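A short write-up of the structure that comes next.
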Amino acid sequence: MFKSFLHFTPLFLILSFPAQSQEIFKGNSFGAGFNFTFGYQAVEADKYFANEQIGTKDGKPVLFNLGYNELKNRELSDGSRLNSYATYAKPTNTLLTAGFQGLGAFNSILLGGELNYLFGSKEFGSQTDSIFVQGSFFRTGKSETSSRFMGGDAMLDIGFVGLRKRGLIIYPMIGIGYSAIALWLQQTDQVGRRLFPEPAGKYSASENKQNTVFWTSNLAFDFGLGFQYMVGASTEDRAKGFSIGFRTGYKMQLPTDDINVNSDYKSSDAYSGNVSLPKLGNQGFYIKLLVGFGKIGDNR
């Protein structure tokens, strides 16, 4: 009897699978939906804080190091000398995300778009100023520095309804769009002159700004997989109402050496001659909670 069961089982699966797949993998799905999104996005913070020699300035080697900056033996108006040393902590590699997406299903093909904002938490460092009068130590002052990542992107998405069972849909998706990522450095207090790391030092010398932002923008791609369930009344043919789900994937802003400082300068302008700046971008995995409403069903 057991042998008969072994022979019968493959035959049963062969006969029943087409019927089951026709029920679950609906190839005639139409509908639309809108979601608010909340989640986490990874960013490659290490690349912004690497010690990388990129060229020369006034005949001396220059380091693209966003971790610190130091100025020694500066003469003040009263004849005293000032040594300053500023450190900036590397922000965490995980950013909070918030945004929204809209999707339409046409014969199981998904078309839509989304807008995302990225928010990084602050990490704190310090600037220390030591004043010397006639070669003797006089006093020391300290102020706080902070660093954080921020960014955003706008994407066009295309995918397909890979599985639909009552109110549940699973959909792979790819997206193409434009993304920007920024490293925001800040000094709220001032002891002597605020110090920002190269290549911002050239610009902050005369302006003494409280904020410096290094940022890049470029083409971006998104490879994701979404799961969504519509909680409202549903049948095998149709479902609509409040929906909840999640989406995971990998987002990649193409790396570029076109690095901007605030809204006024290019990083490459801080150096003379041919300079090979590191290529920066925003690449990493993400996961999002989806909360919204929608409907999905057959076109009949």
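Things to note:
- Taking θ as phi - 60° and the Karplus parameters 6.51, -1.76 and 1.60, the scalar couplings of segment 30-46 work out to 10, x, 7, x, 9, 9, 8, 10, 9, x, 10, 10, 7, 9, 8, 5, 4 Hz in sequence order, x denoting glycine and proline.
- Whole-angstrom gap from segment 224-250 to segment 147-191, using each part's C-alpha centre: 20
- For Glu123, neighbours were defined as the other residues whose beta-carbon sits under 15 Å from its Cβ, and their charges (Lys and Arg +1, Asp and Glu -1) total +1.
- Segment 30-298: relative contact order in percent, alpha carbon pairs under 8 Å with at least 6 residues between: 21
- Extension gain (nm, one decimal) between Phe119 and Lys47, 0.36 nm per residue minus Cα-Cα: 24.1 nm
- Segment Val291..Ile170, full-extension length gain: 42.0 nm, with 0.36 nm per residue of separation and the alpha-carbon distance subtracted.
- Spacing of the modelled spin labels on Gln210 and Asn262, each 7 Å from Cα toward Cβ, amounts to 1.4 nm.
- Links that overshoot a 22 Å alpha carbon limit, given the list Lys47/Lys90; Lys209/Lys251; Lys72/Lys209; Lys165/Lys240; Lys142/Lys279; Lys251/Lys279: Lys209/Lys251; Lys142/Lys279
- Size-normalised alpha-carbon gyration radius of segment 30-298, reference 2.2 N^0.38 Å: 1.32
- Taking a point 7 Å out from the Cα of Thr92 in the direction of its Cβ, the residues of segment 109-127 whose backbone N falls within less than 20 Å of it are 117-126.
Coordinate-derived values only; no laboratory data. As the structure is a prediction and not an experimental result, all values here were calculated from the model. Neighbour counts run over all protein chains shown; Cβ positions are idealised from the backbone, glycine included.
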